[in-house]
Each structure stands twice: as structure tokens, then as C-alpha cells.
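Visitor: Take a look at this one; I'll ask things after.
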Amino acid sequence: MTLGACAAVKRHGPIGFWSEQRYDKQLRQHGPWPAYYDAKNSRYLARGRYQHGLYAGRWRYYGPTGVVERMERFARRPYGLISVTEYHPNGHKWRSGQARIVDEGDKIHFYWFGTWKVFSPNGQYIGVEQYERGVLRGKRLVPIDSLTTGTRTAR
């Protein structure tokens, strides 16, 4: 009987607070959950955490060079609401807005929605993009002359 209990624990590795990829009693992902580019676990692909099988908190996604490409913050309630920030290869903010994950039964649907702020490679605000269920519906950019002088014109 003790042997069977040990075999059940062995299926998913150690469960202690020291383990990186652990599971709860229902075998759902729980706790810190890093993913790596290499077998030596030296370069992150993604870092985040799960809470009883659901994404939780802040997730960071890295490029092959180690620079952060995207950061997502998962709201506690309602589940599925995400604040997303994407970055240029030089590390400056590229765009930020909201996304949603919806469980549609046979598939999981991830899409952007609402107003997304867009920034130039040097970090200056250049306009907004409007999304509706993942489809770009409109784009409004700040005139180039206002970027060089630092003033914005009324819209």
C-alpha cells in the first residue's frame, strides 16, 4: 500500500515548495512555472506561475537573446482578463493594451480588445490601435511634427 502511494507521487515529481514545476492534488499545474530554451536551464523562454491550473500573476516571455519580448498580467477577477505589454528588441515599450482568454468548450480563444497604446523604438508615444475580438478595427497616429517638437496637437 505504501508503494502505491509513492508511485503516485513519482508521476509528477517533487511537490515541495522548492520544486519549480509542481502540481496540486488534482494534478493541475500550481506554483512557479519557468520554461527554458536549453536543456541546462540557463536561458528563460518564459517565467510565470499557475494557481490550480490557471495562469496567475505576471508572466514574462523572453527572446533567444534574453531580452523581454512580452509581459502579461493576469487579473484575479474576472479570470481571463490580461494586461499585455510588448517590447521592441532594444527593450523599450512597443505597445500595451488588454487581451482576454475565453474557454469556448472545444477550444481556448485568446484575443486582443479595446484601445492599445503604440510606442516608437525610442519609447515615444505615437498613437493608438483599436481591436475588437482580435481584429484591428482602427489606428490613430500622432503627427510626426509633434514627435520632434514634443507637443501634441488637439484631436
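Visitor: Give a residue-ordered list of calculated ³J(HN,Hα) values for the range 36-53 (Karplus: 6.51 cos²θ - 1.76 cosθ + 1.60, θ = phi - 60°; whole Hz; x for Gly, Pro).
Guide: 10, 6, 10, 6, 7, 6, 10, 10, 5, 9, 8, 9, x, 8, 10, 10, 6, x
Visitor: Another question about this same structure. For the pair Arg60 and Gln124, how long in nm is the line joining their label points, each one 7 Å along Cα→Cβ?
Guide: 2.9 nm
Visitor: Further, regarding this structure: Full extension from Val68 to Arg140: what is 0.36 nm times the residue separation minus their Cα-Cα distance, to one decimal in nm? Each step should come with its number before you reach the end.
Guide: Numbers: separation 72, 0.36 × 72 = 25.92 nm, distance 2.64 nm.
Once the chain is fully extended between Val68 and Arg140, it gains 23.3 nm.
Visitor: Quick one: accessible area per residue over the range 92-144, 1.4 Å probe, rounded to a whole number of Å²?
Guide: Per-residue value: 63 Å².
Visitor: Under unit Cβ charges (Lys, Arg +1; Asp, Glu -1), what dipole magnitude, rounded to 20 debye, does the range 54-142 have relative to its Cα centre?
Guide: So the dipole magnitude of the range 54-142 works out to roughly 300 debye.
Visitor: Arg137: accessible area at probe 1.4 Å, nearest 10 Å²?
Guide: About 150 Å², rounded to the nearest 10.
Visitor: Output the relative contact order of the range 50-102, whole-number percent, from Cα pairs under 8 angstrom with separation of 6+ residues.
Guide: It rounds to 25 percent for the range 50-102.
Visitor: Pop a pseudo-label 7 angstrom from the Cα along the beta-carbon direction at both Tyr37 and Gln21 and give the gap in nm to one decimal.
Guide: 1.8 nm
Visitor: Which lysines have a Cα less than 23 Å from the Cα of Lys93, not counting those fewer than 8 places away in the same chain?
Guide: List returned: Lys117, Lys139.
The values are calculated or read from the model by the stated rules, or taken from the named source; none is laboratory data. Computed from a predicted model, the values in this text were never measured in an experiment. Positions of Cβ are backbone-derived with ideal geometry, glycine not excepted, and every protein chain shown enters the neighbour counts. Accessible surface is based on the protein model in full, side chains and every heavy atom, while ligands, DNA and RNA are left aside. Shrake-Rupley method; radii C 1.70, N 1.55, O 1.52, S 1.80 Å.
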